[in-house]
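The block underneath contains the structure these notes are about, expressed in structure tokens.
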Amino acid sequence: MNPSNIHRIIVSRTDGIGDVMLTLPMCIWLRNSFPSATLVYLCKKYTSPVVLSFAPINEILILEDLIALTQQERKKKLSADILIHVFPNKTIASWGLFAGIPHRIGTSHRWYHTFFCNHRPSFTRLHSPLHEAQLNFHLLKPLGLQEIPDFESINEVSAQFRPSNESIPAFSNYVILHPLSQGSAMEYPLEKYEQLASELVKQGKTVLITGTSQERMRIEGRFANFPNVHNLMGELSLSQLVLLIQNAYALIACSTGPLHISGALNVKTIGLFSARKPIHPGRWKPLGTDSHALVFDAGCVKCEQGEPCDCIQNINTTEILDCVFK
């Protein structure tokens, strides 16, 4: 494929913040391989502030806006040479065919891609030993990619993640605790986050609690009497949260979007994980040069057998604090 003949590429990923963050390495590859092309990202509205910080991206298409358009209006918006379905979506796949996009790429493991995609790389995410960011590169093989890059070669992305300026609360020397995940991940006990907050304050840190307004209801009453601990749940836009993370001393969270934002910014990032595949850190650890993924027992028998297991709850707070201050 001659890069000079490719003028517009659409990358489609319409799921969560963490999933979107882990497409940044493939976007960097596309920018380097097709330097003159306009690189477009199709995402949901709530993840768009993150994508706006992706240096390789020239333009954003919002899924909700496209849904509201007429068929002909949408066809015009989706004019492109290449459409890459990183997150499979039957409706979006049908749009690509109707728009007449010449190269439509999607995994062979979705039956509807047989009708809507003319490039269908065969790979599995569920049983692969690769990291999620590496798995995305399978979709680039029809564009000339020869080998899936190793994790170390795509781990440093901070130069290509550039948050915009926003007004944020004025704090210094702070650690962010992001205790909940909106149900998207195995969570660490709130009682242990309280222990972490107490110890961090003793070590001279300010502690900020982040999350959504709905999540705030789950922790109401917790952290209330802690000195130098501030509950910001529901008070920040996503753009503000990104900037708050960028200026943090460290962030502690389970496998959720802010963890991946923090890692990409090269903030000290401590991720708390289950050892069970496919939600283990081998698949979902954050990118970044100061990221750390902790499990209670990498050889947990229940996790190895794929059984439900709450061993994440047994990760020692001392181990987490050692990671923060080492």
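The values are calculated or read from the model by the stated rules, or taken from the named source; none is laboratory data. Note that the structure is a prediction, hence the values are computed from the model and not measured. With ideal geometry, Cβ positions are generated from the backbone for all residues, glycine too; neighbour counts draw on all protein chains shown.
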(request) Name the one entry in 167, 122 that is of a type in the set (Ser, Thr, Tyr), farther than 16 Å from residue 283 by Cα and not assigned by TED's automatic domain parsing to the domain that holds residue 81. (result) 167
(request) With the checklist (1) in contact with a strand residue (DSSP E or B) (Cβ under 6 Å, 6 or more places away or on another chain); (2) under 22 Å from residue 149 (Cβ atoms); (3) exposed (fewer than 14 other Cβ atoms within 10 Å of the Cβ) in hand, flag the one item residue 37 doesn't pass. (result) (3)
(request) Go through segment 250-288 residue by residue and tally those that are in contact with a Ser or Thr (Cβ under 9 Å, 6 or more places away or on another chain) and either modelled with pLDDT under 95 or not aliphatic (A, V, I, L, M) (or both). (result) 23
(message) Any residue at all in segment 60-68 that's among the hydrophobic types (A, V, I, L, M, F, W, C), closer than 19 Å to residue 162 by Cα and either at pLDDT below 95 or in contact with an Asp or Glu (Cβ under 6 Å, 6 or more places away or on another chain) (or both)?
(response) no
(request) Scan segment 100-109 and give yes if some residue there is assigned to a loop (DSSP other than H, G, I, E, B), under 25 Å from the mean Cα position of the chain (by Cα), hydrophobic (A, V, I, L, M, F, W, C) and under 19 Å from residue 139 (Cβ atoms), otherwise no. (result) no
(request) Collect the residues in segment 181-196 that are free of Cβ contacts under 8 Å to residues at least 60 places away in the same chain and either within 18 Å of the chain's Cα centre (by Cα) or closer than 15 Å to residue 247 by Cα (or both), keeping them in residue-number order. (result) 183
(request) Filter segment 53-75 down to the residues that are more than 22 Å from the chain's Cα centre (by Cα) and assigned to a loop (DSSP other than H, G, I, E, B), then identify the one that is surrounded by the most Cβ atoms within 10 Å (Cβ to Cβ). (result) 69
(request) For residue 267, work out the one condition from (1) within 22 Å of residue 160 (Cα to Cα); (2) surrounded by fewer than 21 Cβ atoms within 10 Å (Cβ to Cβ); (3) free of Cβ contacts under 8 Å to residues at least 60 places away in the same chain it doesn't fulfil. (result) (2)
(message) Considering only segment 131-148, I want to know if a residue exists there that is of a type in the set (Val, Ile, Thr), in contact (Cβ under 8 Å) with a residue 12 or more places away in the chain and touching a strand residue (DSSP E or B) at 6+ places or on another chain (Cβ under 9 Å).
(response) no
(request) Working carefully through the options 278, 227, 286, find the one that is out of contact with any Cys (no Cβ under 8 Å at 6 or more places or on another chain) and surrounded by 22 or more Cβ atoms within 10 Å (Cβ to Cβ). (result) 286
(request) Among the residues of segment 1-52, write down those that are part of a loop (DSSP other than H, G, I, E, B), closer than 22 Å to residue 164 by Cα and in contact with a Leu (Cβ under 9 Å, 6 or more places away or on another chain). (result) 13, 14, 22, 44
(request) Out of the residues in segment 230-255 that are surrounded by fewer than 24 Cβ atoms within 10 Å (Cβ to Cβ) and of a type in the set (S, T, N, Q), state the one that is farthest from residue 287 (Cα to Cα). (result) 231
(request) Take residue 129 and decide whether it is buried (at least 17 other Cβ atoms within 10 Å of the Cβ), of a type outside the set (Gly, Ala, Ser) and part of a loop (DSSP other than H, G, I, E, B). (result) no
(request) Go over the candidates 177, 143, 139 one by one and state the one that is under 24 Å from the mean Cα position of the chain (by Cα) and under 19 Å from residue 235 (Cβ atoms). (result) 177
(message) I need a count of the residues in segment 135-178 that are hydrophobic (A, V, I, L, M, F, W, C) and under 30 Å from residue 227 (Cβ atoms).
(response) 6
(message) Can you pull out every residue in segment 165-196 that is among the aliphatic types (A, V, I, L, M), under 22 Å from residue 274 (Cα atoms) and either at pLDDT 95 or above or not in a loop (DSSP other than H, G, I, E, B) (or both)?
(response) 176, 177, 190, 196
(message) Take the conditions modelled with pLDDT under 95, part of a loop (DSSP other than H, G, I, E, B) and surrounded by 15 or more Cβ atoms within 10 Å (Cβ to Cβ) and apply them to residue 87. Does it pass?
(response) no
(message) Suppose the filter is modelled with pLDDT of 95 or more, surrounded by fewer than 16 Cβ atoms within 10 Å (Cβ to Cβ), over 23 Å from the mean Cα position of the chain (by Cα) and over 20 Å from residue 256 (Cα atoms); does residue 78 pass it?
(response) no
